Amino acid sequence: MSEDLIMFDRDTHVLKRNRAALHFPNDNAIIYNAANNLISRLDELKVGFSSILVIGYNSVVAKLLKKFLNVKLVVQTDIAEKMIKKAITEDALEDKQSLKIIADEEWLPFSEESFDVIIDFFTLHWINDLPGALLQIKRTLKPNGFFFASFFGGETLMELKQSIAEAEKKIESKITKRVSPFVDIRQAGSLLQRAGFSNPVVDKDNLAIKFHSVNDLMQTIRRIGETNTLNKRKTTFTRKETFYELEKIYKKNFMSNDNQINATIEILNITAW
C-alpha cells in the first residue's frame, strides 16, 4: 500500500489498545449498549451456528455470546497482546470452546470459508485498507454466513472537532488533525457491496452523551483506547492556552442546562450476508 494511503499509525494504535486493556471500562454505557444491540441482531436470526469469529475483544460481547448454547467454537481476536491476556483471564465464555488469538484485523490468519458468523466490534474505523479488510472478512465467511459490526461513524465527536479547530486557529493560528476521520453511512454501504456482500444493511444510532468537562471526555476516550493515531497527527502536547480556549469554546457552544457538555457519538451498525 502506498504510504500516502496509510492514514493510521498501527503501532501506536496497538500501544494505546494495550494501555486501555489495563483499565478498560466494561460498564461504559456506549460500549455496553452497542454490544447488546449487536448480539440482539444475531439472536433475531433464530438459526444455529457452529463457529463465530469475534474481531476486537470485549468482555461484554463475550458474556452476551454465552446465550448461544449451540455454538461449538468461538474465536476471539485482538491486535493487542494485553487485550488477549485480558480475555484469557476473564474467560467470559467459560464452558464454551473458545480460542483467543493475537491477530491484526488487516491480515486475518484464517482460511477461506471458516466461520458461520463474523462479528467486528469497534475496529473498522482504525483500518487503513478498509476495502481489503472487508474483502478478507467476506472470504473468511462460509457461504450464506453473516457479518455483524459496530463502529464509530462520521458525526462522532463533531463538537470536539469544531471546538479544537476554533481554539487552535485562535491561539496557534493553524489547525491540525486532532480527531480521526470516520466513514459515513453511505460509504459503509458502498464498501460492503464492493467486498461482495449482496445484502448489506447499514443503520446508525446517534447518542448524545454528557460529560462533566472536556478533560472528562478526553479521559473517557483514552480509557477505551480511542485517541488519535493518525500518521500526520500532532505529536506534541496541547498548549495550556489552547486547552483553556478549547474548554471555553466547547462550554459556550455545547453546554447543557445541567452545566455538563454534550458529545455526539454516532455508531454505525452493519448486518451483511
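What follows draws every value from the coordinates through simple rules; no lab data is involved. The structure displayed is predicted, hence computed values, not measured ones. In this analysis, Cβ positions are derived from the backbone assuming ideal geometry, glycine residues included, and neighbour counts consider all displayed protein chains.
Rank the residues Val202, Val214 as a footprinting-exposure proxy: fewest other Cβ atoms within 10 Å of their Cβ go first.
Val202, Val214
Based on other C-beta atoms within 10 Å, arrange Ile79, Ile84 from fewest to most.
Ile84, Ile79
Given the -39500 (n - 2.57) contribution per DSSP H run of 4+ residues, what per-residue ellipticity at 222 nm results for the chain, rounded to the nearest 500 deg cm²/dmol?
One gets -12000 deg cm²/dmol as the mean residue ellipticity at 222 nm.
Which far-off residues, 5 or more places away or on another chain, put their amide H under 5 Å from the one on Gln76, with H placed in the peptide plane?
Under 5 Å from the amide H of Gln76: Val54, Leu99, Lys100, Ile101.
What percentages make up the Cα-Cα pair-distance distribution of the range 211-271 when the bins are 10 Å wide from 0?
18, 43, 32, 7, 0
Considering only the chain, what is the antiparallel percent among its DSSP beta bridges, to the nearest 5?
50
How far is the Cα center of the range 33-101 from the Cα center of the range 212-231, in Å?
If you average the Cα positions of each part, the centres end up 26 Å apart.
Which of the trypsin sites (Lys or Arg not before Pro) across the range 52-131 are loop residues per DSSP, with 15 or fewer other Cβ within 10 Å?
Those that pass, being in a loop and sparsely packed, are Lys66, Lys67, Lys72.
Any idea what diffusion coefficient the range 10-75 gets from Stokes-Einstein, in µm²/s, Kirkwood Rh on alpha carbon pairs, 4 °C, 1.567 mPa s?
Reported coefficient: 97 µm²/s.
Please identify, among Asn257, Asn70, Asn144, the residue showing maximal mean-square fluctuation in a Gaussian network model of the chain using a 10 angstrom Cα cutoff.
Asn257
Dividing the Cα radius of gyration by the Kirkwood radius, what Rg/Rh value follows for the range 137-265?
Reported Rg/Rh (Cα atoms, Kirkwood Rh): 1.07.
Would you kindly state the longest site-free stretch of the chain, with sites defined as GluC sites (Glu not before Pro) in a DSSP loop (not H, G, I, E, B) surrounded by at most 10 other Cβ atoms within 10 Å?
Result, exposed sites excluded: 113-273.
For each of Trp273, Trp126, count neighbouring Cβ atoms within 10 Å of the residue's Cβ, then give the residues from fewest to most.
Placing the least packed residue first, the sequence is Trp273, Trp126.
How many percent of all Cα-Cα pairs in the chain sit more than 22 Å apart?
Roughly 58 percent, rounded to a whole number.
Sorted from largest to smallest, which semi-axis lengths in Å does the alpha carbon gyration tensor of the range 9-146 give for its equivalent ellipsoid, taking the root of 5 times each eigenvalue?
Semi-axis lengths for the range 9-146 are 21, 19, 14 Å.
Positive end of the charge dipole of the chain (Lys, Arg +1 and Asp, Glu -1 on Cβ, about the Cα centre): tell me which of Asn28, Val179, Pro109 has its Cα farthest that way.
The residue sitting farthest along the positive end of the dipole is Val179.
Just to confirm my numbers, what's the Cα centroid distance between the range 135-199 and the range 6-30 in Å?
16
Could you list, bin by bin from short to long, the percent of Cα-Cα pairs of the range 77-171 in 10 Å steps?
Here the calculated profile for the range 77-171 is 13, 34, 29, 15, 8, 1.
Over 25 Å between Cα atoms, which of Lys16/Lys100; Lys170/Lys240; Lys138/Lys204; Lys82/Lys204; Lys170/Lys251; Lys85/Lys161 qualify?
Long pairs (Cα-Cα over 25 Å): Lys82/Lys204; Lys85/Lys161.
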